[in-house]
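Step one of this worksheet: look at the structure below.
What follows is calculated from the coordinates using simple rules that are stated; it is not laboratory data. Model, not experiment: these values are computed from the prediction. Neighbour counts are summed over all protein chains in view; Cβ atoms, including those assigned to glycine, are modelled from backbone coordinates with ideal geometry.
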DNA sequence: AATTGTGAATTGATTCACAGCT
DNA sequence: AGCTGTGAATCAATTCACAATT
C-alpha cells in the first residue's frame, strides 16, 4: 500500500506544541508579578527560574514566535508581557458563558478569579431555572443559548453539566457557534476538529497525586 | 570530558510517564461506565476509543504494570478496573483536607463530586474563621492543621489560598506531613522532592483555549 | 562580559509491525 | 481468527553547546 501523499504534510502552520502555549501563560504570570515590582528587564535565567523551567526551554518556547530579547541584556518585561498577551488573545476582555449551574457550576460562577486574567463569565445557562438569590450573574434557560451566543459573539464556554448530558449539550454549543470548551465533565467529548476542548478533571488530578505519593 | 557514569542510569524504578498515569484514570472512568452497563469484557480497541486514545497506546500504558489481557479475547472489565484502582490507590476512601476557604475553596467544599471517585474532603482550614451556615464541613483555623493532619494521617491537600500566601502555607503543609498538593494558586510552589504538586489553573486553561480558537 | 537564539544531540513518548497466545 | 504484548521505528520535546550580538 503505497503512501500516496507522504509529501503533502498537513499544511505550513508552524505547529506550536500545546505545552509551549501553556508555558506562555505561566511566563505571563511571572512577568506580571515582575512588572508589579517595577522590574523592567529580566534574563531568561531569572524568568525561567520563576516559572519553574530551564532557561533554554524558555528561550526555545519564545523562538516559536520570534525574537524578543536583547543579547547581553535579557528581555524587556513590559514588552514581553504585551507580546505574550497579544499572542494568547487576552489583551481584550473575552466573554465566556457557563453551562450547567449545579454545584461546581455555581461555585465557578461566584469565583471572580478569571476577570483579572482577561475573561468574564457574562451569563450562565441551565435546563432548570435557578433560584436567583445570591447569583451574581443571570442564569438563562438553554433555549436562550443560541441567540445569546450569536448576539454577543461568544466563542468560549465552560461546561459544568453532568456527564450523562455533556455530549448532547456540547453538540448544542458547537451548533450555536462556540469554538472553545473548558470541559469539567468526566468524559471525552466528540467535537468537530475546528472546536478545541480543554479538560479539567479534579478527581483525576487527585488520583494522579494519590499514585505519586504512594510509598 | 569523559562521561564517567554513563552506565549508572538513575536507579532501577520502571519510571512510568506521568501522562500514562493520567490516562490510567481515564481508562478507569471508561471501565466503570462499561461495568455499569454490565459489559464484562472489552478489547483494547473499544476501550481506547472510549478513552480517546489509540489502541496501541492503551496496551503500551498497561504493559508498564504487567499483563492483564487475554489474547484473542480482550480485557476483563472488572479485573482491569480493580487493578487500575489498586494502582492509583483509590480503592479505599482517601482523606483530603482543603486549605483556603475563599471563593473557590468554598465552591470546592460544597462540590461533592470527589466522593464517588474515592476522595473525601474531611476538613477545611483557613486563617480567618468562617461563617458556619451552609457549610457542609468544619472549617478550622490554621493552628489546628498540624495536629489534625497527624492524627488523621492525611497525606493530600487541596490548596485554594491567595497566591501571596501560597508558598508560606505550602511550607506549613509540608511541615505537617502532607505529601501531595493539588494547587489552585497561580504560582510555582517550591517543595522538597518527596512532595508532589499538581497544578490546576483555570485562567490558564481559558487562556490556552483562547490561543487555539484564534482564527 | 553577559545573555540571547538556535542547530544538533539527546531524551522521551507514541505508533508500527508483527510474533505469540488463546 | 482475533487480539494482546512488545521490540523497533518514528515522531516530538527538551536540553546542550556554542556562535552571534549588545
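When the helix-only estimate is applied to chain B (DSSP H runs of n ≥ 4, each -39,500 (n - 2.57), divided by the residue count), what is the mean residue ellipticity at 222 nm, nearest 500 deg cm²/dmol? List each step's numbers first, then the result.
On the way: 8 runs with 90 residues, N = 215.
The per-residue figure over chain B is -13000 deg cm²/dmol.
Put the label 7 Å from Cα along Cα→Cβ for residue B:78; what are its distances to the other copies, in nanometres, shortest first?
6.8
Averaging sequence separations of C-alpha pairs under 8 Å and six or more residues apart, then dividing by the length of the range A:76-172, give the relative contact order as a whole percent.
On the way: 115 pairs, mean separation 31.0, N = 97.
Over the range A:76-172, the number comes to 32 percent.
Taking N as the number of residues in the range B:127-215, what is its Cα Rg relative to 2.2 N^0.38 Å?
Cα-based Rg divided by the globular estimate yields 1.29.
What are the principal axis extents of the Cα atoms in chain A, in Å, biggest first?
Cα extents, longest axis first: 60, 60, 51 Å.
Once the mean 1/r over all distinct Cα pairs of the range B:14-91 is inverted, what Kirkwood radius in angstroms do you read off?
12.3 Å
Once the label point is placed 7 Å from Cα along Cβ, list for residue A:194 the distances to the corresponding points in the other copies, in nm, shortest first.
Spelled out, the distances from residue A:194's label point are 5.4 nm.
At 1.306 mPa s and 10 °C, plugging the Kirkwood radius over alpha-carbon pairs of the protein assembly as shown into Stokes-Einstein gives what diffusion coefficient in µm²/s?
Numbers: Rh = 23.8 Å.
It diffuses with D of about 67 µm²/s by this estimate.
Can you give the % of DSSP beta bridges in the protein assembly as shown that are antiparallel, to the nearest 5?
Around 15 percent of the beta bridges assigned by DSSP in the protein assembly as shown are antiparallel ones.
I need the shape label for the range B:48-167. Rule: rounded when a/c is under 1.5, else prolate if a/b > b/c, else oblate, with a, b, c from the alpha carbon gyration tensor.
prolate
List the relative contact order of the range A:125-215 as a percent without decimals, with contacts defined as Cα pairs under 8 Å and 6+ residues apart.
Numbers: 102 pairs, mean separation 19.5, N = 91.
Contact order relative to length: 21 percent.
Placing the label point 7 Å from Cα along the Cα-to-Cβ direction, what are the distances from residue B:167 to the equivalent spots in the other copies, shortest first, in nm to one decimal?
In ascending order, 4.7 nm.
Please report which chain A residue places its beta carbon nearest the axis carrying chain A onto chain B, with the distance rounded to a whole angstrom.
A:107, 1
Would you please give the FRET efficiency between residue A:112 and residue A:57, computed as 1/(1 + (r/R0)^6) with r the Cβ-Cβ distance and R0 = 30 Å, to the nearest 0.05?
Given R0 = 30 Å and the Cβ-Cβ separation, E is 0.40.
So, in Å, what gap is there between the alpha-carbon centers of the range B:21-69 and the range A:81-158?
For the range B:21-69 versus the range A:81-158, the Cα centre distance is 34 Å.
Across the range B:80-126, how large is the tail of the calculated P(r) beyond 14 Å, expressed as a percent of all Cα pairs? Walk me through the numbers before you get to the answer.
Details: 582 of 1081 pairs.
That fraction is 54 percent.
When only Cα pairs under 8 Å and 6 or more residues apart are kept, what is the percent relative contact order across chain B?
Result for chain B is 13 percent.
Once each part is reduced to its C-alpha centroid, what is the distance from the range B:178-201 to the range A:186-215 in angstrom?
17 Å
Take peptides A:35-41, A:110-116 and line them up by average Cβ neighbours within 10 Å, highest first, as a rough protection proxy.
For the peptides A:35-41, A:110-116, the packing ranking is A:110-116, A:35-41.
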